[in-house]
Amino acid sequence: MKSVENLDVRGKTVFVRADFNVPLDDQGNIRNDTRIRASLPTIQNLLARGAKLVLASHLGRPKGKPDPGLSLRPVAVRLAELLGRAVIMAPDVIGPEVAVLKTNLGDGGILLLENVRFHPGETKNDPELALALAEGIDIFVNDAFGSSHRAHASVVGIAGRIAVKAAGSLMKKEVDFLKKAIHPAKPYTAILGGAKTEDKIPVIESLLEKADQILIGGAMAYTFLKAQGFGVGKSLVEPDKFEIALTILRKAEERGVQLLLPTDHVLTASLESGTVVQIATDYPFPAELLGVDIGPKTTAAYAEIISRAKTILWNGPLGVFEIPAFAEGTMQIARAIAASSAVSIIGGGDSIAALAKAGVSDRISHISTGGGASLEFIAAGTLPGIEALEE
Ligand code: ADP
Ligand code: MG
């Protein structure tokens, strides 16, 4: 992988695909700026060497049209604070106004494009969008490890339009570390939770080839339980993933991989109530309740397996950890991972926030800025965004 340090960038306009997909609170404030801070080494290195920067990222899932709640403007403000320099916020992703702003950039100037997913072509890897993004750009740098598992226009499409391209230092650091997890020391325990089941379930299939134990929690557990016919009340499930969930359970059994689902559950009547109604150890759950955390029995069983692991991969909180009454399982698991002597790799925006909340971030071997991307890289050994840099 070519590294940006080896390129002559003075006076060049460099497009940096960064990962500024930070968690926001209800008021639109940045809840955790780890991903912005992680992008600073590449940005500062390019600025110090006299480049003009055009920065791009997505934020959330705006469905291909502008959504004021998902503007990158708060990121521009935070980035300017962290860099101690002006960051120009573009009004759009492409278009005549943006073209003028690109042309007028001086050496050391920084332009942040609006959320690339405001444009419907981004997730479709539309060639016209890729061409427009590449307009006026001399060098393409991909520093968005966390987005590189997607063949999107600002990650893959643009790379095909620019001859000079390289990986940023964050991307390099991620790849160098995660390469080690492709051949993990055993036992290899993967812990998967969170809500983005759609992204994560396909990766479990490849994890089945490598992991010794897969511990499931979070909302994802309910898709697995419901797929087997257990009544889970109002818990979050993804019916279109039932079939693949059953396939995964069958393959795990065939391969002798221990795939564990929670055996007890913290139930509530609503997230808003913020209170526990009961701990369920049996099915069906009362129809009006939903599962929001793993229970104490599950937590103890998972922690025991974690204590024996030599490699640990964690992506996705085990419950709705943002709400104190439903955070216990996630906090305990975070502490168990921190206490273990295994190589530990944690990925995913919310998982990183959970680690910080448990106060154990400094006891993890590698905190990956990518959730799905780290899982997929470990499974496949490469990512579409990395391949595109090599073409
Ligand atoms: P990451 O960002 O670490 O990849 P995800 O984005 O997939 O993780 O999932 C994080 C979200 O999952 C959190 O907001 C959390 O509240 C939610 N979550 C976890 N468990 C549940 C559950 N049982 N029901 C609903 N949401 C859940
Ligand atoms: Mg998330």
| Residues satisfying the stated conditions in segment 47-64, i.e. in contact with a helix residue (DSSP H, G or I) (Cβ under 9 Å, 6 or more places away or on another chain), aliphatic (A, V, I, L, M) and open to solvent by 10 Å² or more (accessible area, probe 1.4 Å) | L47
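Mind checking which residues of segment 65-93 are outside any helix (DSSP H, G or I) and open to solvent by less than 40 Å² (accessible area, probe 1.4 Å)?
Listed by number, the residues that qualify are S71, L72, V87, M89, A90, V93.
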| request: Give me the pairs, please: first residue somewhere in segment 194-211 and assigned by TED's automatic domain parsing to the domain that holds T247 and open to solvent by less than 40 Å² (accessible area, probe 1.4 Å), second residue anywhere and of a type in the set (S, T, Y) and within 12 Å of ligand 2 (Cβ to nearest atom), beta-carbon distance under 8 Å, and either six or more positions apart or on two chains. | output: G194/S351
| Residues being under 14 Å from K179 (Cα atoms), more than 16 Å from ligand 2 (Cβ to nearest atom) and among the polar types (S, T, N, Q) - total across segment 353-375 | 1
| Filter segment 1-34 for residues that are closer than 21 Å to E390 by Cα and aliphatic (A, V, I, L, M); which is surrounded by the most Cβ atoms within 10 Å (Cβ to Cβ)? | A18
| query | Can you tell me which residues in segment 39-64 are under 22 Å from the mean Cα position of the chain (by Cα), small (G, A, S) and assigned to a loop (DSSP other than H, G, I, E, B)? | reply | S57, G60, G64
| request: Can you give me the number of residues within segment 272-284 that are closer than 21 Å to F224 by Cα and under 31 Å from the mean Cα position of the chain (by Cα)? | output: 2
| query | In segment 231-257, which residue that is among the hydrophobic types (A, V, I, L, M, F, W, C) and in a helix (DSSP H, G or I) is most open to solvent (accessible area, probe 1.4 Å)? | reply | L246
| message | I'm told A134 meets every condition in (1) open to solvent by 10 Å² or more (accessible area, probe 1.4 Å); (2) in contact with a strand residue (DSSP E or B) (Cβ under 7 Å, 6 or more places away or on another chain) except one. Can you identify the failing condition by its number? | response | (2)
| Would you call I305 under 27 Å from S365 (Cβ atoms), more than 23 Å from the chain's Cα centre (by Cα), assigned by TED's automatic domain parsing to the domain that holds I216 and among the hydrophobic types (A, V, I, L, M, F, W, C)? | yes
| said: If G295 satisfies all but one of (1) within 14 Å of Y222 (Cβ to Cβ); (2) free of Cβ contacts under 8 Å to residues at least 12 places away in the same chain, what's the number of the condition it fails? | reply: (2)
| request: Filter the helices (runs of 4 or more DSSP H) completely within segment 167-230 down to those with at least 2 residues that are within 16 Å of ligand 2 (Cβ to nearest atom). | output: 197-207
| remark: Residues in segment 6-52 that are among the basic types (K, R) and within 16 Å of ligand 2 (Cβ to nearest atom) total 2
| query | Only one of A166, A190 is in the same structural domain as A144 (by TED's automatic domain parsing), buried (at least 20 other Cβ atoms within 10 Å of the Cβ) and either away from ligand 1 (no atom under 11 Å from the Cβ) or touching a residue at least 12 places away in the same chain (Cβ under 8 Å) (or both); which? | reply | A166
| Taking segment 95-117 on its own, how many of its residues are under 25 Å from the mean Cα position of the chain (by Cα) and open to solvent by 20 Å² or more (accessible area, probe 1.4 Å)? | 1
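The values are calculated or read from the model by the stated rules, or taken from the named source; none is laboratory data. Since the structure is predicted, the reported quantities are computational estimates derived from the model, not experimental observations. All Cβ positions, even for glycine, are placed from backbone atoms using ideal geometry, and neighbour counts span all protein chains on display. When the accessible area is computed, the model is the full protein with side chains, heavy atoms only, and any ligands, DNA or RNA have been set aside. Shrake-Rupley method; radii C 1.70, N 1.55, O 1.52, S 1.80 Å.
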